[in-house]
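One structure is given below, encoded as structure tokens.
The values are calculated or read from the model by the stated rules, or taken from the named source; none is laboratory data. From a predicted model like this one, the values you see are computed outputs, not experimental measurements. All Cβ positions, glycine included, derive from the backbone under ideal geometry; neighbour counts span all protein chains shown. Keep in mind that these areas ignore ligands, DNA and RNA; they rest on the heavy atoms of the full protein, side chains included. Shrake-Rupley method; radii C 1.70, N 1.55, O 1.52, S 1.80 Å.
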Amino acid sequence: MEEEMEKKRFGVLLCAEDSELVRKKYGGYFGVFVRMLAEEGERWDVYRVARGEFPDDDELALYNGFVITGSCNDAHGNDPWIHQLLNLLQKLNSINKKVLGICFGHQILGRALGGKVCRSPSGWDIGIRTVNLSSSSSLKLPSKLSIIECHRDEIWELPPKAEVIAWSEKTGIEMFRYGDHIMGIQGHPEYTKDILFHLIDRLTQHNYIHQDFAMESRLKVAMWEPDKDSWKRICVSFLKGPL
């Protein structure tokens, strides 16, 4: 029991339903994040918040940090679970808990902290994009990195006191920091190219994107590689580093 108490403990707030491919190959999106972030001796839990599964308030202090995943839902939406998630994120902020948000997670953090999220006026961003990173961040970021993108919403207005730490030609807020305990990343450092190809197929089948755009996106993705190792170091350094 004592050994269990000493383990670093992290929670994944799962905002998406697992596709069959991701479930079979990676153990679901929870498995994708564990593969990128988990280290020996840690405990990782999953809360399927899109189904209404949330940690109790008295459990929050037990965690070293939380990760918020992507989602097919809109971060500017008003589903009951989204409002419950906003409430949880405000509580986590009030106790200075480490929180890392990815894609939808990045956007919902921005909203929870007082920023504005909306549809991107320039449409979908699907593929591998180079983002520019700030040299002023304490994370010691390189000047440019490539990352997988798959989104049509974005943070339009930054929360008060937040700092933009990455941007691209397409999106003005690719990453932001809020104090030392909250960070959002618009892209998907956790994705593999086969997950992205699978998502492109699903988006095409459901008529979210046109066939021509899907084909063009697939061709571009095939030509480039995301800087997965660098993104892993950034995420781990933030989530497990000192406040």
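Structure above, values below:
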| read-out | value |
| --- | --- |
| Extension gain, N78 back to D194 (0.36 nm per residue minus Cα-Cα distance, nm) | 38.6 nm |
| Between helix 211-223 and the chain: long-axis angle, C-alpha atoms, 0 to 90°, nearest 10 | 70 |
| Packing rank of 214-220, 112-118, 125-131, 183-189, where each peptide gets the mean count of other beta carbons within 10 Å, highest leading | 183-189, 125-131, 112-118, 214-220 |
| Accessible area of the chain divided out per residue, in Å², using a probe of 1.4 angstrom | 49 |
| Sparse-neighbourhood loop sites, GluC sites (Glu not before Pro) in the range 95-204 - DSSP loop, at most 16 other Cβ within 10 angstrom | E169 |
| The chain: antiparallel DSSP beta bridges as a percent of all, rounded to 5 | 55 |
| Alpha-carbon spread of the range 9-240, three principal axes, descending order, Å | 50, 39, 37 |
| Dimensionless Rg over Rh [the range 119-170; C-alpha; Kirkwood] | 0.99 |
| Of all accessible heavy-atom area on the range 1-113, the percent that carbon and sulfur account for (1.4 Å) | 45 |
| Under 29 Å from the Cα of K144 - lysines, other chains or at least 8 residues apart | K97, K98, K116, K161, K170, K193, K220, K228, K232, K240 |
| Most positive-pole-ward Cα, N96, W224, T204, against dipole of the range 9-240 from beta carbon charges | W224 |
| Dipole magnitude (debye, nearest 20) for the range 9-240, charges at Cβ of Lys, Arg, Asp, Glu | 340 |
| Where GluC sites (Glu not before Pro) fall in DSSP loop in the range 7-114, at most 13 other Cβ within 10 Å | E39, E40, E53 |
